Amino acid sequence: QVQLVESGGGLVQPGGSLRLSCIASGSIFSIYTMGWYRQAPGKQRELVARITSGGSTYYADSVMGRFTISRDNAKNTVYLQMNSLKPEDTAVYYCNNYYNTYSWGQGTQVTVSS
């Protein structure tokens, strides 16, 4: 059974940065496309970014140029570097297998506020 553990969230002022991490245990991590998602209060979960096994990336328009997704297959870890954060980035952030969704982890809360 695959377990996803997200970390790195917190409270940050507008314009600040955070780096999220997600460790996936119990799977052949390196072959899968992984995604970062977020869910704000009262809204549906949305895809923020994804990265293929080969390192190709995709970003939602709302985060393009501010967020960077990366992965370390040796560590079964996917990262999300978030710069120039805005209040509208406030949400719980999750990672998951993009094409074959695992059970969702607890996520990590990101709050952008002055």
Open item on the list: Could you go through segment 1-17 and let me know if any residue there is within 11 Å of Val110 (Cβ to Cβ), open to solvent by 50 Å² or more (accessible area, probe 1.4 Å) and not in a loop (DSSP other than H, G, I, E, B).
Closed with: yes
Open item on the list: Going residue by residue through segment 69-80, is there one that turns out to be open to solvent by less than 70 Å² (accessible area, probe 1.4 Å) and acidic (Asp, Glu)?
Closed with: yes
Open item on the list: Take Leu85 and tell me if it is at pLDDT 95 or above, open to solvent by less than 60 Å² (accessible area, probe 1.4 Å) and not in a strand (DSSP E or B).
Closed with: yes
Open item on the list: Please pick out the residue among Val48, Val63 that is assigned to a loop (DSSP other than H, G, I, E, B), surrounded by 21 or more Cβ atoms within 10 Å (Cβ to Cβ) and within 14 Å of the chain's Cα centre (by Cα).
Closed with: Val63
- [ ] Kindly indicate which of Thr90, Thr77, Thr33 is in contact (Cβ under 8 Å) with a residue 60 or more places away in the chain and out of contact with any Pro (no Cβ under 7 Å at 6 or more places or on another chain).
- [x] Thr33
- [ ] Determine which single condition Arg38 fails, assuming it passes every other condition in (1) open to solvent by 30 Å² or more (accessible area, probe 1.4 Å); (2) closer than 19 Å to Gly8 by Cα; (3) among the basic types (Lys, Arg).
- [x] (1)
Open item on the list: Considering only segment 104-113, I want to know if a residue exists there that is farther than 17 Å from Phe29 by Cα and of a type in the set (Phe, Trp, Tyr).
Closed with: no
Open item on the list: Condition first: farther than 17 Å from Tyr98 by Cα and either modelled with pLDDT under 95 or of a type in the set (Lys, Arg) (or both). Now tell me which residues in segment 54-82 satisfy that.
Closed with: Arg66, Ala74, Lys75
Open item on the list: Exactly one of these conditions fails for Cys95: (1) surrounded by 15 or more Cβ atoms within 10 Å (Cβ to Cβ); (2) touching a Ser or Thr at 6+ places or on another chain (Cβ under 6 Å). Give me its number.
Closed with: (2)
TODO: List the number of the failed condition for Ile23; all other conditions in (1) in contact with a helix residue (DSSP H, G or I) (Cβ under 9 Å, 6 or more places away or on another chain); (2) open to solvent by 60 Å² or more (accessible area, probe 1.4 Å); (3) not in a strand (DSSP E or B) hold.
DONE: (3)
Task: Cross-chain or 6+ apart pairs with Cβ under 6 Å, segment 10-29 first and among the aromatic types (Phe, Trp, Tyr), then part of a loop (DSSP other than H, G, I, E, B) - done: Phe29/Asn76
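The values are calculated or read from the model by the stated rules, or taken from the named source; none is laboratory data. Here the structure is a predicted model, which means the values were calculated and not measured. FYI the Cβ positions are ideal-geometry reconstructions off the backbone, even for glycines, and counts take in every protein chain you see. Side chains are part of the model used for accessible areas, which takes the heavy atoms of the whole protein and leaves out ligands, DNA and RNA. Shrake-Rupley method; radii C 1.70, N 1.55, O 1.52, S 1.80 Å.
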